[in-house]
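Values quoted throughout were computed directly from the atomic coordinates according to the rules given, and no laboratory measurement underlies them. Every value quoted in this text rests on a predicted model; they were computed, and no experiment measured them. Every residue, glycine among them, receives a Cβ derived from its backbone with ideal geometry; neighbour counts consider all protein chains shown.
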Amino acid sequence: MGLSGAAFAVGAYALWGFLPLYFLLLEPTGPWEVVAWRILLSLVFYAVLVPVIGGWPRLRAVMADRRLVVWTAVAGLLIYLNWQIFLIATLTGHVIEMSLGYFINPIVTVLLGVIVLRERLRPMQWLAVGLAVSATLVIVVGYGSFPWLALGVAFSFGLYGLVKKHIGPSVDVTSGLTLESLWLAPLAVGQLVVVGLTTGLTMGSAGPGHAVLLALAGVVTAAPLMLFAAGARRVRLTVLGIAQFITPTMQLIIGVWVLDEPMPPERWIGFAIVWLALVVFTLDSVIVARTRRGVRRTEIAAGVTE
């Protein structure tokens with residue numbers, strides 16, 4: 001179970017890492033049209049998937065609960081923001097900045113736990129947060145621009161995770177993703193209308209190959225979410241925490257060596273501080289996880305001997 005779960009998790013993060021290259025293949029389609037098609041085509045994908053896996057009873061149960069309906073709508077809006085920022089960054093030459101957002105996402109998630117859930121941070125977690133803030137300041141002062149896209153990606157995905165944690169086991173993965181796409185469908189239709197009236201839609205106008213790639217947007221973006229959900233149920237949180245660095249590392253490599261985006265010394269210094277923060281953060285997570293397992297074994301042994 002652990003080995004297969006790790007494979008699912010690594011597969012999900014690797015696919016997310018490759019997504020910038022896939023979306024660049026969709027040019028001349030702009031970020032607003034891509035996200036709109038992604039929402040509608042994902043809904044089609046889930047509409048086919050739900051009956052195949054026998055998910056109608058679970059979906060109806062979720063829709064009968066008004067509280068869950070509201071929370072899935074909130075989750076949908078947050079992941080919409082995340083997708084839109086992701087696409088804008090990818091298609092405007094800011095893949096490196098986007099990778100920074102995913103690097104600092106674990107630390108943002110911890111910070112949101114403090115602000116929203118009133119959780120207490122351990123000393124090493126505070127150190128990681130401080131280093132992440134320092135890295136942002138280095139990039140702002142040295143590079144001369146505030147990393148809005150990076151922080152937008154990090155906070156939108158962090159808040160999305162917070163909502164999903166709040167919903168908890170009340171909403172299964174497929175039902176949640178289906179409803180998120182369903183609530184966003186009117187927004188996607190409106191977005192396509194606006195794009196059609198302004199710059200014009202590209203679906204079907206840039207050749208059959210482009211149309212096929214654009215039509216696959218729903219499946220391509222839904223697949224890693226499904227793999228992630230399968231992996232999350234099978235591996236420890238520490239394994240997921242380490243595996244999630246695969247995505248921004250691949251995005252950084254793509255931005256620097258494939259797309260030749262600028263990477264001045266100030267950015268390298270900022271990223272170096274972020275990596276140091278992640279080392280501190282990961283070490284703290286591993287130490288705490290091992291300590292808790294040790295305490296649990298001791299309690300079990302004590303119960304047996306008694």
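Suppose we look only past 15 Å in the calculated P(r) of region 1-55. What percent of the Cα-Cα pairs does that tail hold?
Counting pairs separated by more than 15 Å, the tail of P(r) holds 67 percent.
Per 0.36 nm of contour for each residue apart, how much would the distance between D172 and L137 grow if the chain were fully extended, relative to their Cα-Cα spacing?
Difference between extended and current length: 8.6 nm.
If r is the Cβ-Cβ distance from A211 to R66 and R0 is 35 Å, what FRET efficiency results, to the nearest 0.05? Efficiency, rounded to the nearest 0.05: 0.35. Annotation: extensible slack from V114 through V295 equals 62.7 nm (criterion: 0.36 nm per residue apart, minus Cα-Cα distance). The convex hull drawn around the Cα atoms of region 172-221, when projected onto a plane and averaged over every direction, covers 4.0 nm².
For region 70-150, what class follows from the C-alpha gyration tensor (a ≥ b ≥ c being the square roots of its eigenvalues): rounded when a/c is under 1.5, otherwise prolate if a/b is larger than b/c, else oblate? Oblate. Comparing A89, A243, A64 in a Gaussian network model of the chain (Cα springs below 10 Å), the most mobile by mean-square fluctuation is A64.
Of interest is the spacing of the C-alpha centroids, which for region 37-114 and region 156-172 amounts to 10 Å.
Relative contact order of the chain: what whole-number percent is it, with Cα pairs under 8 angstrom and at least 6 residues apart? Numbers along the way, then the final one.
Numbers: 364 pairs, mean separation 126.1, N = 306.
Reported as a whole number, the value is 41 percent.
Counted residue by residue at 0.36 nm each, then reduced by the alpha carbon distance between them, the extension gain from Y22 to L197 reaches 60.4 nm. Quick check: from the Cα gyration tensor, does region 120-247 come out rounded (a/c under 1.5), prolate or oblate? Judged from the Cα gyration tensor, region 120-247 comes out oblate (a/c at least 1.5, b/c at or above a/b). Across the chain the C-alpha pair distances fall into 20 Å bins from zero in the proportions 29, 58, 12, 1 percent. Please label the shape of region 1-143 as rounded, prolate or oblate, based on the square roots a ≥ b ≥ c of the eigenvalues of the alpha-carbon gyration tensor (a/c under 1.5 means rounded; beyond that, a/b larger than b/c means prolate, else oblate). Cα axes put region 1-143 in the oblate bin. Only helices enter this figure: runs of n ≥ 4 DSSP H residues, each worth -39500 (n - 2.57), summed and divided by the residues of the chain, yield -28000 deg cm²/dmol at 222 nm to the nearest 500.
Compactness of region 11-92, taken as the C-alpha radius of gyration over 2.2 N^0.38 Å, stands at 1.30. Legend: helices of the chain (whole DSSP H runs) are marked when their alpha-carbon atoms reach 27 angstrom or more along the helix axis and their mean Kyte-Doolittle hydropathy is at least -1.0; marked are 2-24, 31-52, 66-91, 95-117, 123-143, 148-167, 173-198, 265-305.
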